[in-house]
Amino acid sequence: MSGFDLLVVGDANPDVLVWGAPETPPAGQAETLVDGGTLALGGSAAIMAHGAAVLGLSTALAAMVGRDAAGDFVLDTLTAAGVDISGCVRHESLPTALTVCLNRPDGDRAILTAPGCLPAFGPEHVPAVRTRHVHAASYFLQPRLAAGLPEVLGRFRRAGASTSLDTNDDPAGTWRLAPGLLAACDFVLPNEAEALALAGALTGEPVSGGLPAALSVLAADGAVPVVKRGGEGAVALFDGAAVSARGPRVTPVDTVGAGDGFDAGFLAGRLASGDFAEALAWGCACGALSTRATGGTGGQPTAAEARPVAAQVQVTPWMSE
Ligand SMILES: Nc1ncnc2c1ncn2[C@@H]1O[C@H](COP(=O)(O)OP(=O)(O)OP(=O)(O)O)[C@@H](O)[C@H]1O
Ligand SMILES: [Mg+2]
């Protein structure tokens, strides 16, 4: 592999999406019929890489899957979208990770993840390719990679690449980042709950000033925090100024992967224009469009589809409510 726009480092697995399951499915070997179910590409890194490729970026993924049908599905789906998978490795004995999403009518969901081989994925598996940007995803699901991530991102930076991190959720609830990690990131891309939790772990106490305070904490080492807020769009702290980006609110069909679609759009906008407001507009456009179909990748837009929506996104100074 050589000369990519984007290298994505992180998790890849099938998502089994289920609609209409009861809050607690009855046991006793009872068969419960539900409204719908779909198999889709999952894993924040894989969904993000797929979205970037659909937008036209030359994209490589570094991830670990098992030697199983789930791994075949993941790699075949990525290849079909044009993602370079030559940096993906297959674990000899551990299975590919697997996620089951129980989607609720209100848009919320319960997420069950079997990590499989994800804990075995480490910094030594990240290929030294030439790339303009490196994005790392699902930090807390990959503890071996996490420990070495500051060094990995630092190495790419010294070679001239920019860097970003989307931690996603921390199932253990510690939210602790490796020392030096944020200093190795140009952008950190959490959602609002994640931003508050990460800032709380960094300061050692719950942040009392809400999201504005969390933005300042996350920005302390030089990374630009960009916080995703669902239908409210995103807010960021750039050059000391808080900005809000808001596009047309959509009624989602399925919000799985909206955050990863946002990340892909944000970086596509950034790499195409070098402009931060443009990056935010593309992030909001691609996040919103990704909700128009089921699964993380079903609604991902092409650049031609995203451009007119990005043009409708308002980027303004942010006064917190
Ligand atoms: N209903 C909506 N209307 C308009 N835009 C939306 C809507 N839902 C999501 N978006 C866009 O998608 C972005 C990402 O969505 P969200 O805030 O849900 O991310 P997330 O919590 O990281 O999601 P994920 O579960 O994929 O990690 C938002 O910042 C917003 O720009
Ligand atoms: Mg997210």
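Quick notes on this structure:
- Look at GLU232, GLU23, GLU124 and count the other Cβ atoms within 10 Å of each Cβ; fewest to most, that gives GLU23, GLU124, GLU232.
- Secondary structure note: in the chain, about 45% of the DSSP beta bridges are antiparallel.
- At 0.890 mPa s and 25 °C, Stokes diffusion of the chain via Kirkwood alpha-carbon radius, µm² per second: 126
- Rounded to the nearest whole Hz, the Karplus-based 3J(HN,Hα) values (6.51 cos²θ - 1.76 cosθ + 1.60, θ = phi - 60°) of segment 252-259 follow the sequence x, 7, 7, 8, 4, x, 4, x, with x at glycine and proline.
- Unit charges on C-beta of K, R, D, E only; dipole of the chain, Debye: 640
- In segment 1-114, the DSSP beta bridges split such that about 50 percent are antiparallel, to the nearest 5.
- Note that segment 203-210 has calculated 3J(HN,Hα) couplings of 8, x, 7, x, 6, 7, x, x Hz, one per residue in order, obtained from phi through the Karplus relation 6.51 cos²θ - 1.76 cosθ + 1.60 (θ = phi - 60°); glycine and proline are x.
- Packing-based exposure ordering (other Cβ within 10 Å, fewest first) of THR24, THR96: THR24, THR96
- Whole-Hz couplings from phi, Karplus 6.51/-1.76/1.60, listed for segment 266-272; x for Gly and Pro: 4, 6, 4, x, 5, 5, 6
- Residues whose amide H comes within less than 5 Å of that of TRP318, counting only those at least five positions distant or on another chain, are ALA242, VAL243, SER244 (H built at 1.01 Å from N in the peptide plane).
- For segment 246-321, the set of trypsin sites (Lys or Arg not before Pro) satisfying both a DSSP loop assignment and a count of at most 14 other C-beta atoms within 10 Å is given as ARG249.
- Relative contact order for the chain: 16 percent, from Cα pairs under 8 Å spaced at least 6 residues apart, divided by residue count.
- Annotation for segment 100-197: trypsin sites (Lys or Arg not before Pro) lying in DSSP loop with at most 16 further Cβ atoms inside 10 Å of their Cβ are ARG130, ARG176.
- GNM on the chain, alpha-carbon springs under 10 angstrom: the most fluctuating residue among ALA195, ALA136, ALA241 is ALA241.
- Around the amide H of ARG130, modelled in the peptide plane, lie the amide H atoms of GLY3, PHE4, all under 5 Å away and 5 or more residues distant in sequence or on another chain.
- All alpha carbon pair distances within segment 139-199 were sorted into 10 Å bins beginning at 0; the resulting P(r) in whole percents reads 23, 56, 20, 1.
- Placed amide H near ALA62: partners under 5 Å, 5+ positions off or other chain: VAL8, VAL9, GLY10
Each value in this text was obtained by applying a stated rule to the coordinates, not by laboratory testing. Not measured: the values here are computed from a predicted model. Note: ideal-geometry Cβ built from the backbone for every residue, glycine included; neighbour counts use all protein chains shown.
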